[in-house]
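Notes follow the structure.
The values are calculated or read from the model by the stated rules, or taken from the named source; none is laboratory data. Nothing here was measured: the structure is a model prediction, and the numbers come from that model. All Cβ positions, glycine included, derive from the backbone under ideal geometry; neighbour counts span all protein chains shown. What goes into the accessible areas is simple: the full protein's heavy atoms, side chains included, and nothing from ligands, DNA or RNA. Shrake-Rupley method; radii C 1.70, N 1.55, O 1.52, S 1.80 Å.
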Amino acid sequence: MRVPSVERRPSFADEVQLRRALDHLSGVDAVGVTHRVAKLATRSLKTSTKSRAIDLALSMIDLTTLEGSDTPGRVASLCAKARRPDPEDPTTPAAAAVCVYPDLVADARRHLEGSSVAVASVATAFPSGRAPLSVKLADVGAAVEAGADEIDMVIDRGAFLSGRLGQVFDEIEAVKAECRGAHLKVILETGELVTLDNVKRASWLAMWAGADFIKTSTGKVSVNATPTVGLVMLEAVRDFAEETGSLVGVKMAGGIRTTKDALRYLVLINETVGSRWLSPDLFRFGASSLMNDLLMQRTKQRLGAYVRPERFSGD
Amino acid sequence: MSERLDVMKTYKLLIKGQFLRSESGRTYEVSDAVGGFLANAARASRKDVREAVVAARGAQASWWESSAYLKGQILYRWAEMAESRRRDLADLVQRAWGIGEDEALEDVNAAIDRLVWYAGWTDKIAQVYGGANPVAGPYFNFSVPRPCGVVAAIAPSNGSLQGWVDVVAAPLCAGNTVVAVASHEHPLAAFALAELTATADVPPGVLNLLTGDLAELAETLARHEDVDGLDLTGAGEFATAMAEWSADSITRTYRPHPGDDPTRRLRSFIETTTVWHTMGY
Amino acid sequence: MSDSFLVSPLGSLEYAPAPESAALARLSDSYGLFIDGRFSDPESHELVETLNPATGEPLARYARGSTSDVDAAVRSARHAYESVWRDLPGSERAKYLFRIARLIQERARELAVVETLDNGKPIRETRDVDVPLAAAHFFYYAGWADKLGYAGYGAAPRPLGVAGQIIPWNFPLLMAAWKLAPALAAGNTCVLKPAETTPLSALVLAEILQQADLPPGVVNIVTGDGTTGAALVAHPGIDKVAFTGSTEVGRRIQRTAAQTGRHLTLELGGKGANIVFEDAPLDEVIEGIIDGIFFNQGHVCCAGSRLLVEESVADEVLRRLRRRMDQLRVGDPLDKNTDVGAVNSATQLDKITELVEAGEREGALRYSASCALPDRGYWFAPTVFSNVSQTHRIAREEIFGPVLSMLTFRTPDEAVAKANNTPYGLACGVWSEKGSRTLWVAERLKAGVIWANTYNQFDPTSPFGGVRESGFGREGGRQGLEAYLDV
């Protein structure tokens, strides 16, 4: 083991200790990661495997709307879609969650009552995270209060990039406490962390600080989830699990629009970290348009013919 | 008044910077062009070959790792020392070949000029024969020529001093160390030039010189697994057999062809190593 | 903690078969020789079978070239050299090579399937590595044909004449490209002898040469076994021998060439060290080790067959490596998801088995991947030996199969000393995040190719070849031209 064995959630006396622990992580060679990802992208999923993978991907979706123009009506139709993605085919798996801003959590909660679909809320001054801690915690508190099962927080990338790792750690811990049992997804915003070494370090920092999930992106910056980042994060959760016994989930968010993209991530999981993560309790896609593409492919598998996009609701 | 009696010189082997008699204790007579006695030269044995190869191997890594600039300085220093002994060297050439003074000086001058030419090569080889390669991927890829290691060089049998410089200086300037066998008939000028390495800061073992009978040494040299390169310039009737023997350890060989570019010998004793390194973050 | 901890209660994603169609190969029942631009009638020769190593079943019959066939091919090549090719403007030679490159790309899928059937390597590799690289090689050297004066070997370098070229079975088409492209660009004509167990892709290449309208005799392809190759090497009409194969055969060829003073380049065996320092990027290291030894079933002269790991991370590397090996997909080479295919022949399988048994007898600790192997054909499970010492045969002899020997070291000097402790010198890998040390190590490794934080990468612009008993001469890059020029 490269990092000395620790308790499930190690405590660090100070930032120096935390930094030291992060420095013990082995580096990441971006070229090697890219090479590996490119090789796995050639995997060919056919027939029954493809059908199973499509259903798995559908069940992993956090159906998301995060716009300034969101309304209770929009949330209502999204929740309906999450519960029954394809009304013509009741065997279609429901989404894992609906993800909204905190002020719409109550609406989502109401529309999802009695279903398996969870309510997720972004919080902590999403997407920039640029607000005082007290405001971020109030944001989280409000979402939990309104019935959110899952909180998607953002880390302070500015603090991370300027080396104030202790501050990032403490914020996650504080938010975790404020979640009061709601699952915490920590958004690293990997597009702003830029390097894969940063992605790996931020993943471990978040896991040590109490993340139940680590999540790539807000979807609000130019670079979102990529397979290379996905692989590095998956390897981090695998190693963390081996070291601590805790299973942390991974959520890929932003820019995943096609079945082909989604299936590549499932292959990454299948062949790099172990099939344990092939389950919505440990892997999610934060997406909206992905669902319809999966539904189109699913229907094609079933009917043997390609179908037009309008067959499915535009939500 | 009687003529002054000459002080006669004993010619030895040069191994690891030391001037040694053959371990076998044997010598042979070297004659001038008309058969007169010139000197006794050491007649190297197979064990001397072994010692010389050990010396060359021992010196190779540090000779290669010394900067190309320093290797150039040392070879140039050797040329400087030769220049100051130009007439002595010419005298040996003249007596060996029975030629005129001017003709002998011509060979010596050519030899020294060639040495200077090689001195200038040391820090050009990597640039001329190496370089960066534009591979289709995120890698920095570069090729560097490296010495093949220990080169055994058979000097031209005619005793040409310039020919002698070619067979030893070409591998040396590329970072090889050398075990050279001088012309059996005309070893004295070659020995005198090799002697000067002692005052030119050529590290011990970098150049080793054997004199003797190639018939005795050829097989041992060619089959020695720790000899990486073989210059068969002066191997004459043994050239083909030596080339065959050396195949057992995939030894690089050089056999001159008429009209060879002088870099051909040099290129025969370098190998290209190509390094790939990922570029990314 | 047990790795079973990472297995899903839902089960893993089992991949349904995704086979490429064998029919794409369009194989004939029998093949003649390609001499003077024409295929000879197969029935006029002694015919031998080539097998699909994944099933052990015959694929096709091909001609065993006799001494007189070799003679006809050499005479054809000589005639083409003197009457056409030598004096053809470089710009025209270039266009032929560009044509060949394009035709390979156009028939890529067919070539990939042919190669996979005949060799046993996975279709993923033939499709993504062998065939595209073969095309790229012709493309690269095409551009040199009219620029030889700028290659650094004089203003107007001359070709050597007729080249006799013998290639191995591990990368049949790619090795043909490595041999033919620079030779033709430099103005030589060729007689190519493919390997006994893998003649088919070269014969498809012969069809491509016909489609490219290459003048008759510029390339002749004489299939056969070792006796055919020996006849070619000994033929007095050739000016140059280029051989890729075992060091043992290389010695014999060098002896033959010594008798004639003929130009020679050799690309022989290896026992490459893959050196892993403590600070290396561990997840990429594991992939690099896998690529280094299991690529092409380990039938790779430059394979990273000796793993040298810094002691402080040796256990961790071994644990992760074993886990990764269990994820390798071994089986039907035509399946697009196969990682490791069939061993090329029964002979090679015997050799691998014999050395692995020696490793076990000598006390090394064997771990073989937990994959199921097909019950027909020639197969060997990916295997790593730990507790290997330098005196073990598996640390010294080239196994040429999916078998890795792991040793440890403590300091950079020890790593270099152990890496160099072999008569070979083809390729090495170095893994570290510390560039300064990587370059220090690279400078001291006796090898023709060094991969830092990667392994088994190839490119037509990058010179490839060995030192010491791995051979001499380079293929690829500007340096690759030197082997075919009289300079």
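Give me the one-decimal nm value for the distance between modelled label points at B:E101 and C:L373, 7 Å along each residue's Cα-to-Cβ direction. Reported label-point gap for B:E101 and C:L373 is 8.3 nm. Computed over protein heavy atoms with a 1.4 Å probe, the accessible surface of chain A works out to 36 Å² per residue.
Could you tell me which of A:V28, A:L137, C:A231 has its Cα farthest along the dipole of the protein assembly as shown towards the positive end, charges placed at Cβ (Lys, Arg +1; Asp, Glu -1), taken about the Cα centre? Towards the positive end, the residue furthest out is A:L137. In region B:119-143, the residues whose accessible area drops by at least 10 square angstrom when the other protein chains are added to the isolated chain are B:V128, B:Y129, B:G130, B:N133, B:P134, B:V135, B:A136, B:P138, B:Y139, B:F142, B:S143; the probe is 1.4 Å and only protein heavy atoms count. In whole Hz, what ³J(HN,Hα) sequence does region A:150-161 give by Karplus (6.51, -1.76, 1.60; θ = phi - 60°), x for Gly and Pro? Whole-Hz 3J(HN,Hα) from phi for region A:150-161: 9, 10, 9, 9, 10, 7, 7, 5, x, 5, 4, 5. What part of the accessible area of region B:132-257, given as a whole %, is carbon or sulfur when the probe is 1.4 angstrom? Carbon and sulfur atoms account for 51 percent of the accessible area of region B:132-257.
Could you compute how much accessible area chains A and C hide from each other, both sides summed, with a 1.4 Å probe? Nearest 100 Å² is fine. Looking at A and C, the buried total is near 3400 Å². Farthest toward the positive end of the dipole of the protein assembly as shown, out of C:M175, B:L172, C:A212, is the Cα of C:A212, where the dipole comes from beta carbon charges about the Cα centre. Take every Cα pair under 8 Å whose residues are at least 6 apart in sequence, average their separation, divide by the length of region B:1-148, and the relative contact order is 17 percent.
Take C:F98: with every protein chain present and a 1.4 Å probe, its accessible area is about 70 Å². Residues of region A:37-74 that bury at least 20 Å² of accessible area once all protein chains are present, compared with their chain alone (1.4 Å probe, heavy atoms only, ligands and nucleic acids left out), are A:K39, A:T42, A:R43, A:S44, A:L45, A:K46, A:T49, A:R52.
Residues whose amide H comes within less than 5 Å of that of B:T27, counting only those at least five positions distant or on another chain, are B:R43 (H built at 1.01 Å from N in the peptide plane).
Separation of region B:148-181 from region A:118-197 is 72 Å, based on Cα centroids. Remark: spin-label model distance A:K39-B:S62 equals 4.4 nm, labels positioned 7 Å along the Cα→Cβ axis. Of the residues C:E469, B:E219, A:E189, A:E88, the one with the largest accessible area comes first in the ranking A:E88, B:E219, C:E469, A:E189, computed with a 1.4 Å probe on protein heavy atoms.
The residues of region B:46-278 expose, per residue, 36 Å² of accessible area to a 1.4 Å probe.
In angstrom, the C-alpha Rg and Dmax of the protein assembly as shown are 34.5, 134.
The phi-based Karplus calculation (6.51 cos²θ - 1.76 cosθ + 1.60; θ = phi - 60°) puts the 3J(HN,Hα) values of region B:18-33 at 10, 9, 10, 6, 4, 4, 7, x, 8, 9, 9, 7, 9, 10, 7, 4 Hz, whole numbers, x for Gly and Pro. Rounded to the nearest Å, what's the spacing between the alpha carbon centres of region C:400-457 and region C:379-397? Just the number, please. Region C:400-457 and region C:379-397 have Cα centres spaced 17 Å from each other. The residues packed around B:A132, meaning those with a beta-carbon under 14 Å from its beta-carbon, carry a net charge of 0 if Lys and Arg are +1 and Asp and Glu are -1.
Label zone of A:E310 (point 7 Å out along Cα→Cβ, amide N under 17 Å): in region A:278-297 this covers A:296. Among residues other than B:D113 whose Cβ falls under 13 Å from its Cβ, what is the net charge (Lys/Arg +1, Asp/Glu -1)? Its environment carries a net charge of -3. Both chains summed, the buried accessible area for B and C stands near 3300 Å², from protein heavy atoms and a 1.4 Å probe. Given a Förster distance of 30 Å, report the FRET efficiency between B:Q127 and B:M279 from their Cβ-Cβ distance, rounded to the nearest 0.05. Working from the Cβ atoms, E equals 0.85. Rounded to the nearest 500, the 222 nm mean residue ellipticity of the protein assembly as shown from helices alone is -12500 deg cm²/dmol, with -39,500 (n - 2.57) taken per DSSP H run of at least 4 residues. Cα centroid separation, region A:49-109 to region C:92-112: 51 Å.
Of the solvent-accessible surface of region A:41-303, computed with a 1.4 Å probe over protein heavy atoms with every protein chain present, carbon and sulfur atoms account for 52 percent. Near B:G163: Cβ cut-off under 10 Å, other residues only, Lys/Arg at +1 and Asp/Glu at -1. The net charge is -1. For region B:46-278, the equivalent ellipsoid derived from the Cα gyration tensor has semi-axes of 30, 21, 16 Å, listed largest first. Based on protein heavy atoms only, chain C ends up with 32 Å² per residue of surface accessible to a 1.4 Å probe. Charge dipole (Cα centre; +1 on Lys/Arg Cβ, -1 on Asp/Glu Cβ; no other charges) of region B:46-278 amounts to roughly 700 debye. 3J(HN,Hα) couplings calculated from phi for region C:325-341 with the Karplus curve 6.51 cos²θ - 1.76 cosθ + 1.60 (θ = phi - 60°) are, in sequence order, 4, 5, 8, 5, 9, 9, x, 2, x, 7, 6, 5, 9, 7, 9, 10, x Hz; Gly and Pro show x.
Amide H contacts of B:L230 (H built 1.01 Å from N, in plane; Pro and chain starts excluded): B:A152, B:R252, B:T253, B:Y254 sit under 5 Å, all sequence-distant by 5 or more or on other chains.
Solvent-accessible surface of protein heavy atoms, probed at 1.4 angstrom with all chains present, puts C:D335, B:D201 in the order B:D201, C:D335, largest first.
Between B:D213 and B:F37, residue separation times 0.36 nm minus the direct Cα-Cα distance comes to 61.6 nm.
Less than 5 angstrom separates the built amide H of B:D213 from those of B:A44, all sequence-distant by 5 or more or on a different chain.
Taking the chain by itself as reference, region B:249-264 contains these residues with an accessible-area loss of 50 Å² or more in the full protein complex (1.4 Å probe, heavy atoms): B:I250, B:R252, B:R264.
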